[in-house]
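Chemist: Sharing a structure below in C-alpha cells format, with a few things to ask.
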Amino acid sequence: MKFSEFYRLLEADGWYVKTTKKHKKYVHPTKPGFIPVGKHKSQEIPTGTLASMKKRAGIK
C-alpha cells in the first residue's frame, strides 16, 4: 500500500492531520494517541510499518 492510499484510509475513518513537520501527525477525536505517517506519497509502506500503523489506528 502506498502512503497516499493509507492517508485516504485514515481520513475515511475520521483521523485528521494535526501538524506537518517531518511527518504527518494524524489524530482522532475519540481514539487515544496519534499516528506519525511519512510524507512520501508515491512510495510503498514497508509491510511491518503498515501493520503497526493499522494496529495503532484500529483498522483491519
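Chemist: Which one is most open to solvent (accessible area, probe 1.4 Å) among residues in the range 1-44 that are within 14 Å of GLY58 (Cβ to Cβ) and among the small types (Gly, Ala, Ser)?
Modeler: Taking the candidates together, the pick is ALA12.
Chemist: In the range 35-53, what residues are without any contact (Cβ under 8 Å) to a residue 24 or more places away in the chain and over 9 Å from the mean Cα position of the chain (by Cα)?
Modeler: PRO46, THR47, GLY48, THR49, ALA51, SER52
Chemist: If you go through the range 16-58 one residue at a time, how many are among the hydrophobic types (A, V, I, L, M, F, W, C), assigned to a strand (DSSP E or B) and farther than 13 Å from LYS2 by Cβ?
Modeler: The total comes to 4.
Chemist: Residues LYS55, LYS22, LYS60: which one is in contact with a Pro (Cβ under 9 Å, 6 or more places away or on another chain) and among the basic types (Lys, Arg)?
Modeler: Only one candidate passes the filter, namely LYS22.
The values are calculated or read from the model by the stated rules, or taken from the named source; none is laboratory data. Predicted model, so just to flag it, every value in this text is computed and none were measured. Cβ: placed from backbone, ideal geometry, glycine included. Neighbour counts: every protein chain shown. Protein only, heavy atoms only, side chains kept; ligands, DNA and RNA dropped before computing areas. Shrake-Rupley method; radii C 1.70, N 1.55, O 1.52, S 1.80 Å.
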